[in-house]
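Peer 1: Quick one: structure below, then a few questions.
The values are calculated or read from the model by the stated rules, or taken from the named source; none is laboratory data. Here the structure is a predicted model, which means the values were calculated and not measured. Here the Cβ positions follow ideal geometry from the backbone for every residue, glycine too, while neighbour counts run over all protein chains shown.
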4 protein chains.
Amino acid sequence: MATPFTSKVDTLRPAYGFDDISLAPGTDTIDPADVDLAQDFCGIPLASPIIASAMDAVVSPTTAGLIRAQGCLAAINLEGLWFRYADPAPCFAAIAAAPKESVQALFAQLYAQPIDATLIPRRIAEMRAAGAPAIVAATPQAIGTYGDAVIAAGVDLLIIQSQVSSARHIASGYAPLELSAFVARAGAPVAIGNTSNAAAAYALMEQGAAAIFVGVGPGNACTTREVLGIGVPQVTAVSDVAAARDAYLADSGRYVPVVADGGIRKGGEIAKALAVGADVVMIGSPLARASEAPGHGYNWGMAAPSPTLPRGTRIEVGTVGSIEQVLNGPSRVTDGSENLIGAVRQSAAALGVRNVRGFRDVEVMHAPAAATEGKSWQRGR
Amino acid sequence: MATPFTSKVDTLRPAYGFDDISLAPGTDTIDPADVDLAQDFCGIPLASPIIASAMDAVVSPTTAGLIRAQGCLAAINLEGLWFRYADPAPCFAAIAAAPKESVQALFAQLYAQPIDATLIPRRIAEMRAAGAPAIVAATPQAIGTYGDAVIAAGVDLLIIQSQVSSARHIASGYAPLELSAFVARAGAPVAIGNTSNAAAAYALMEQGAAAIFVGVGPGNACTTREVLGIGVPQVTAVSDVAAARDAYLADSGRYVPVVADGGIRKGGEIAKALAVGADVVMIGSPLARASEAPGHGYNWGMAAPSPTLPRGTRIEVGTVGSIEQVLNGPSRVTDGSENLIGAVRQSAAALGVRNVRGFRDVEVMHAPAAATEGKSWQRGR
Amino acid sequence: MATPFTSKVDTLRPAYGFDDISLAPGTDTIDPADVDLAQDFCGIPLASPIIASAMDAVVSPTTAGLIRAQGCLAAINLEGLWFRYADPAPCFAAIAAAPKESVQALFAQLYAQPIDATLIPRRIAEMRAAGAPAIVAATPQAIGTYGDAVIAAGVDLLIIQSQVSSARHIASGYAPLELSAFVARAGAPVAIGNTSNAAAAYALMEQGAAAIFVGVGPGNACTTREVLGIGVPQVTAVSDVAAARDAYLADSGRYVPVVADGGIRKGGEIAKALAVGADVVMIGSPLARASEAPGHGYNWGMAAPSPTLPRGTRIEVGTVGSIEQVLNGPSRVTDGSENLIGAVRQSAAALGVRNVRGFRDVEVMHAPAAATEGKSWQRGR
Amino acid sequence: MATPFTSKVDTLRPAYGFDDISLAPGTDTIDPADVDLAQDFCGIPLASPIIASAMDAVVSPTTAGLIRAQGCLAAINLEGLWFRYADPAPCFAAIAAAPKESVQALFAQLYAQPIDATLIPRRIAEMRAAGAPAIVAATPQAIGTYGDAVIAAGVDLLIIQSQVSSARHIASGYAPLELSAFVARAGAPVAIGNTSNAAAAYALMEQGAAAIFVGVGPGNACTTREVLGIGVPQVTAVSDVAAARDAYLADSGRYVPVVADGGIRKGGEIAKALAVGADVVMIGSPLARASEAPGHGYNWGMAAPSPTLPRGTRIEVGTVGSIEQVLNGPSRVTDGSENLIGAVRQSAAALGVRNVRGFRDVEVMHAPAAATEGKSWQRGR
């Protein structure tokens, strides 16, 4: 036995999710009225650091306008129902009405309808008419086919999003999207996601990404992790990509905002994402619960319709209040799912934080949420 | 890529809650009759290290007297129902009777009634008449308005308590309370809370705080942590502030007691708080369960009535026995929620501890309470 | 701020319970038939390393004989019903029949009956007649009163057991038991428990203890830990006291066996206790489940009858099989609660262990039992 | 006290299971069509890295053929019903129909029927006729009796499998199997399992093992761990044995594949096993759920029939789809239990992995699956 044993598990890096950490107050507090959450995001003024996910159950041209009226942003899904059907309302109604055992087949059928290129300028015009910047999200495959049509229609921000975005995609059967070249001719900012890896994010910034979306199997119980074994707890992923952003800024002088996408449902999670370096968070389910959401109290992910390896399915999220209540309150519930922006402001005040970037100075503790304490008599403090 | 990546999550400090630790016996034991739990607390003699929380469902002038009769203390809430209504009994009855879905609106309505300054001397006189020292708790905002009236009425101890107390509060719209100046003119000891940060606590001691209350989102499952992302597990918070107390004592010669406020429901948690440096613990829910408690078997925190971002709500805690039974027994239950002081005395005996400060010599182990063992056949030992 | 902050929680030692560890096979295996579990225990030959707890629901003179017939030992409780009542059968029947809400009061009443000194020689004779060595357990208080009577009656082993046994007990109101002197005049081996501290155990060995019982709040969910805050997870406690035993052997040449008492219900836990240094384990509930057990399917600890601070209560453990089945099988269940000795033998075989002390060479891994895997489709391997 | 205390628990090595880790994407991705999962396994071409467990409820000669048609392999159990009964169909029907309380007795009765040596060549011929290589698994005891008959019948691969396989088995009552000698005369590759120890695996390779099966009490909640205290979480076990394989390759030039056997039910777990060094995985329950499986929706382990210390029992796994659907899809469920190979391919693509060995370059994070997040609103991403 000449060669020593080197077991891979002896050098595992620990990774953290939202439930693993907590924010610790310091020596200062600040009046909530003195907290300013505004920033510039890819050239778009953003009053509060929230973008609605490009999910069919969340963002329509109409809800994009309502969300913008609350000082936030919304992305629409180029491969969603709004670009496949002139009137997708019957699709949404059918999904909401379908029995559980047949909804997966219904997804497969509805999403088999091809994208209708004529709807691209129409939806973009509708978003603008509703008062919202035109933000469109699509996979690299769809960008390959419809990218020029989207550019021609004029967008304020294009998000190229896939389950795992890398700095280099290898394919022998087709020519992968050349990001640098596409960015050069797009004439609009192009954000990229999702990634969780600092080196990949840095390379994407070098290729011209306007923003990086972070989130790959971000939840400890998410389907991607069960089906594929892949997932980076979101706190670690955001912290790592934020480190790449800071390094790229130091090296290039360009600031590329980082968007925490996935695993965020409550005000506390937004504050935590900002504290580990996010500029903005992307949320889906909290807004799918709004009364105006297209999903009628249901939500589903982009991987749900897959005909061969579905991951995720239709989830009943319920309806809790208006988009205004979800984002800016007033909240009538006590679980943190309403008045998300008010919660972030109050959190900033208690932490002595003046603005979004100020969250990065807050001490983050490793403090796992214990299941055992959940049954205690609770206190309001 | 010239600049190395520095990910914030690579240097997280672990934080501990009550369920994460356990106390380990040493080489000595002592007869329970030889344990002496008495101390001086801000000039008030205290037979047992327990203060009742300034929660409406717990402390009225009457229960303050009953709690004092058991050798403990109680604080009354200046912003509670007792200072808004000459006769708050109908309020308590309405809260207990309200259906779950409307209780939050009822809170908002009842607590919208302004504070009646004429009730300040009246309640203080009632506390004294019941045999209790006059201990009043209030937020900095209320102190700004009613502080002089409270001082004029004569208090034994004033507790300025907010969700997060800092050493420096920044506000452009109003003049924050100047603690040093207020302490100088108060003519009574002024305690400050809640904090969880050693540096903030040290600065508050320098500003004249008579005692420091510790507890910011202390429970791993508490609402503050979900809604705001903020929370310091209580064992770490108490240990840190106790370290500041010891340093301040070494530097100044003045001893500022530390009160563990939050997350304490059982005798074991009191012993643990003392072992990591608390002088006293503040408890709410265990006393809300007493038959004489004003809450009729319910409890709610101060943040529950918030009209825009309610955190916490009415909790049904039930009624288990008299204040005497809860504090000094005899206990008829086996879960540690009655005879709290007897339990602390017995714990001290088994640990060879002679008095409250003696707990600090006890070894504390990191020994998380496992959910899996909860279903085992239990033993009485 | 001249003095640095030193927070006690920054140096917590991790402690382990049975569910936190697992035993790892090595390079050898052995035929189960070649495993020999016998040893000498305080001068008594012991075929298998199990002693039945001195609990009323477990050990009567009759069951002591049945347990001995299986190659194990049993201790009877000097302060139990067998020494208070000439015929305790009606007591056991009443406890089994009592409704849940009144059982605590029934305990208090039944155990208020004084010890009848004339029953001491009678029970000892009954144990011997049943074929069992006379092993009696009692608290230091009872030994103070009845110790000489027990010695006069002739015992094979006396176990002085209290919730926490220290090397030095301090009491101003009475003269604590002088262990060295008592051991000197006892004329029989005197074992001491329970402790969890290596230094205390070493001192007790110096004072003449024949064996050390280990277990103070050994379970992560045990009542002592909730009520008093005290508890040392059993794996750490046994490992620490075993270290003291080994050091004392090196220093004095005398070998003092270590008994793991508490938290053991299954074969796997016995193997783990032996692997971290126990010579013997003491078990209660697994034997309370035997059809011949006095408790009629119930069990209760010695602290349950306390009139002021009851800890633990009557637990329904059910009845699963005979004492023979529980100890030597055959087992008809698959959860490890029957054929405990067969399981230890099979474990030894798979680990390449030839005898009880051989377990100490087995690698112990930190491998917490995850709640999440409990729902998986199980496999028999 | 001259000798210092050395407590064994102060040097515990942490061990990891599948739920403790997650795979992290890197800088590259790859088109799923460019992933090639094929390899040579003990001289048999294997399109996908899956072998069906030698469990009666999973592998018959017929299902061995169906599994081979999907590019995988299957092992048949020499001590199973197929080698005890000319027609075992009535046995399977009886097991599926037995009430829960009598199934253990039925197991004991059915498996008491002796092995019929005339069935050995018959079953091997049936496997070949069904298109499957003849892979037979048996314990060392059975190999001692029937090994030559199996060799004479001609097998493609023989797996000698016991609960814990060591490099050296000690027995005074019989002559243990001499592995080196048996391998020399077998004329077919001989794989050995199960082990979890690197040194034992290395020694077995030196003795001529063609492959090493890894898995000893691999699940955190498995019966072996409860009953015997023994178990090595599978990620650590596979990683350790893979380290031995790499060392043996460096020392000897011979490559001995490592098979992760146990604890694998979903695509994510296969990807994780490959990432820590497995060449192949062995799965049972996922295939017991196939409509063609002999177990009629039930599964049981080899230890279940033990008449004295049964571990594991009949588990109802249900029936979800065909063998083709389980292995190659299409999947109609979203929990990762169908289209296992498709999931591995998709995982490889997202991780930039070109083939089975490429998984070893993937970063593995310590990222425990939290129970608390399980209740979140899920997302498909």
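Peer 1: Considering every residue within the range A:101-122, establish whether at least one is farther than 24 Å from D:Ala33 by Cβ, of a type outside the set (D, E, K, R) and within 23 Å of the chain's Cα centre (by Cα).
Peer 2: yes
Peer 1: Among (1) free of Cβ contacts under 8 Å to residues at least 12 places away in the same chain; (2) within 13 Å of chain C (Cβ to nearest Cβ), which single condition is D:Tyr255 missing?
Peer 2: Checking D:Tyr255 against (1) free of Cβ contacts under 8 Å to residues at least 12 places away in the same chain; (2) within 13 Å of chain C (Cβ to nearest Cβ), the one that fails is (2).
Peer 1: Would you confirm whether or not the range A:77-84 contains a residue that is polar (S, T, N, Q) and crowded, with 17+ Cβ neighbours inside 10 Å?
Peer 2: Here is the first cut: in the range A:77-84, the ones polar (S, T, N, Q) are A:77.
Next, from what is left, pick out any that are crowded, with 17+ Cβ neighbours inside 10 Å: A:77.
Within the range A:77-84 (the criterion being polar (S, T, N, Q) and crowded, with 17+ Cβ neighbours inside 10 Å), the answer is yes, since at least one residue qualifies.
Peer 1: For the range D:1-29, which residues satisfy the criterion of being surrounded by fewer than 23 Cβ atoms within 10 Å (Cβ to Cβ) and among the hydrophobic types (A, V, I, L, M, F, W, C)?
Peer 2: Answer for the range D:1-29, where residues must be surrounded by fewer than 23 Cβ atoms within 10 Å (Cβ to Cβ) and among the hydrophobic types (A, V, I, L, M, F, W, C): D:Met1, D:Ala2, D:Phe5, D:Leu12.
Peer 1: Here's something else I'd like to know. Return the only residue of D:Val232, D:Val214, D:Val227 being of a type in the set (A, V, I, L, M, F, W, C) and more than 10 Å from chain C (Cβ to nearest Cβ). Lay out the reasoning, then the answer.
Peer 2: On the way: D:Val232 fails: more than 10 Å from chain C (Cβ to nearest Cβ); D:Val227 fails: more than 10 Å from chain C (Cβ to nearest Cβ).
Result: D:Val214 is the single residue among D:Val232, D:Val214, D:Val227 that is of a type in the set (A, V, I, L, M, F, W, C) and more than 10 Å from chain C (Cβ to nearest Cβ).
Peer 1: Now a separate question. Which residues, counting only those in the range D:334-348, are at the interface with another protein chain (Cβ under 7 Å from one of its Cβ atoms) and either assigned to a loop (DSSP other than H, G, I, E, B) or over 19 Å from the mean Cα position of the chain (by Cα) (or both)?
Peer 2: Taking the range D:334-348 and keeping what is at the interface with another protein chain (Cβ under 7 Å from one of its Cβ atoms), we get D:334-336, D:339, D:342-343, D:346-347.
If the condition is that a residue be at the interface with another protein chain (Cβ under 7 Å from one of its Cβ atoms) and either assigned to a loop (DSSP other than H, G, I, E, B) or over 19 Å from the mean Cα position of the chain (by Cα) (or both), then D:Thr334, D:Asp335, D:Gly336, D:Asn339, D:Gly342, D:Gln346, D:Ser347 are the ones that fit.
Peer 1: Just give me the residues in the range C:273-292 being within 14 Å of chain B (Cβ to nearest Cβ) and more than 11 Å from the chain's Cα centre (by Cα), in sequence order.
Peer 2: Taking the range C:273-292 and keeping what is within 14 Å of chain B (Cβ to nearest Cβ), we get C:281-290.
Matches in the range C:273-292: C:Pro286, C:Leu287, C:Ala288, C:Arg289, C:Ala290.
Peer 1: Taking the condition surrounded by 22 or more Cβ atoms within 10 Å (Cβ to Cβ), facing another protein chain (nearest Cβ under 7 Å) and closer than 21 Å to B:Ser165 by Cβ, does A:Ser331 pass?
Peer 2: Working: surrounded by 22 or more Cβ atoms within 10 Å (Cβ to Cβ): yes; facing another protein chain (nearest Cβ under 7 Å): yes; closer than 21 Å to B:Ser165 by Cβ: no.
When the stated conditions are applied, A:Ser331 does not pass them.
Peer 1: Every residue in the range A:83-97 that is over 10 Å from A:His296 (Cβ atoms) and among the aliphatic types (A, V, I, L, M), please. Give the steps one after another, and end with the answer.
Peer 2: So in the range A:83-97, the residues over 10 Å from A:His296 (Cβ atoms) come out as A:83-91, A:94.
Passing the criteria: A:Ala86, A:Ala89, A:Ala94.
Peer 1: When the residues of the range B:235-252 are narrowed to those that are charged (D, E, K, R) and surrounded by 24 or more Cβ atoms within 10 Å (Cβ to Cβ), which ends up nearest to the other protein chains (Cβ to nearest Cβ)?
Peer 2: Going residue by residue through the range B:235-252, those that are charged (D, E, K, R) are B:240, B:245-246, B:251.
Checking which are surrounded by 24 or more Cβ atoms within 10 Å (Cβ to Cβ) leaves us with B:240, B:245.
On the way: B:Asp240: 5, B:Arg245: 10 Å.
Looking at residues that are charged (D, E, K, R) and surrounded by 24 or more Cβ atoms within 10 Å (Cβ to Cβ), I get B:Asp240.
Peer 1: Out of the residues in the range D:349-381 that are more than 22 Å from D:Tyr16 (Cα to Cα) and not in a loop (DSSP other than H, G, I, E, B), state the one that is modelled with the lowest pLDDT. Walk me through it before giving the result.
Peer 2: Just the residues of the range D:349-381 that are more than 22 Å from D:Tyr16 (Cα to Cα), to begin with: D:349-350, D:352-355, D:375-381.
Checking which are not in a loop (DSSP other than H, G, I, E, B) leaves us with D:349-350, D:355, D:375.
On the way: D:Ala349: 96, D:Ala350: 96, D:Asn355: 98, D:Lys375: 34.
Filtering the range D:349-381 for residues that are more than 22 Å from D:Tyr16 (Cα to Cα) and not in a loop (DSSP other than H, G, I, E, B), the one modelled with the lowest pLDDT comes out as D:Lys375.
Peer 1: Might you let me know whether the range D:281-297 holds any residue that is free of Cβ contacts under 8 Å to residues at least 24 places away in the same chain, at positive phi, surrounded by fewer than 24 Cβ atoms within 10 Å (Cβ to Cβ) and assigned to a loop (DSSP other than H, G, I, E, B)? So that I can check it myself, show each step before the final result.
Peer 2: Kept after step one, since they are free of Cβ contacts under 8 Å to residues at least 24 places away in the same chain, are these residues of the range D:281-297: none.
Checked against the condition, which is being free of Cβ contacts under 8 Å to residues at least 24 places away in the same chain, at positive phi, surrounded by fewer than 24 Cβ atoms within 10 Å (Cβ to Cβ) and assigned to a loop (DSSP other than H, G, I, E, B), the range D:281-297 yields no hits at all.
Peer 1: So, in the range B:82-97, how many residues would count as being under 24 Å from the mean Cα position of the chain (by Cα) and part of a loop (DSSP other than H, G, I, E, B)?
Peer 2: Counting residues in the range B:82-97 that are under 24 Å from the mean Cα position of the chain (by Cα) and part of a loop (DSSP other than H, G, I, E, B) gives 2.
Peer 1: Now, a different point. In this structure, is C:Thr3 at pLDDT below 95 and touching a Leu at 6+ places or on another chain (Cβ under 9 Å)? Lay out the reasoning, then the answer.
Peer 2: Values: at pLDDT below 95: yes; touching a Leu at 6+ places or on another chain (Cβ under 9 Å): yes.
When the stated conditions are applied, C:Thr3 passes them.
Peer 1: Related question: Can you spot a residue in the range A:300-323 that is modelled with pLDDT of 90 or more, away from chain D (no Cβ under 14 Å) and not in a loop (DSSP other than H, G, I, E, B)?
Peer 2: yes
Peer 1: State whether one or more residues within the range C:144-161 are farther than 25 Å from C:Ala52 by Cβ, buried (at least 18 other Cβ atoms within 10 Å of the Cβ) and in contact with a Gly (Cβ under 8 Å, 6 or more places away or on another chain).
Peer 2: no
Peer 1: So if I check each of B:Thr139, B:Thr118, which one is among the polar types (S, T, N, Q), in contact (Cβ under 8 Å) with a residue 24 or more places away in the chain and more than 12 Å from B:Leu73 (Cβ to Cβ)?
Peer 2: Details: B:Thr118 fails: in contact (Cβ under 8 Å) with a residue 24 or more places away in the chain.
Testing whether each residue is among the polar types (S, T, N, Q), in contact (Cβ under 8 Å) with a residue 24 or more places away in the chain and more than 12 Å from B:Leu73 (Cβ to Cβ) leaves just B:Thr139.
Peer 1: Also, quick follow-up: Here are A:Ala38, A:Ala69: which of them is farther than 30 Å from B:His169 by Cα, modelled with pLDDT of 95 or more and either of a type outside the set (D, E, K, R) or within 19 Å of the chain's Cα centre (by Cα) (or both)?
Peer 2: On the way: A:Ala38 fails: farther than 30 Å from B:His169 by Cα.
Answer to the check: A:Ala69.
Peer 1: Looking only at the range C:258-275, decide whether some residue is outside any helix (DSSP H, G or I) and acidic (Asp, Glu).
Peer 2: Quick first cut of the range C:258-275, residues outside any helix (DSSP H, G or I) only: C:258-266.
Still in the running and acidic (Asp, Glu): C:261.
Yes, because at least one residue in the range C:258-275 is outside any helix (DSSP H, G or I) and acidic (Asp, Glu).
Peer 1: Kindly indicate whether A:Arg13 is in contact with a Phe, Trp or Tyr (Cβ under 8 Å, 6 or more places away or on another chain) and among the basic types (Lys, Arg). Give the derivation first.
Peer 2: Values: in contact with a Phe, Trp or Tyr (Cβ under 8 Å, 6 or more places away or on another chain): no; among the basic types (Lys, Arg): yes.
No, not satisfied.
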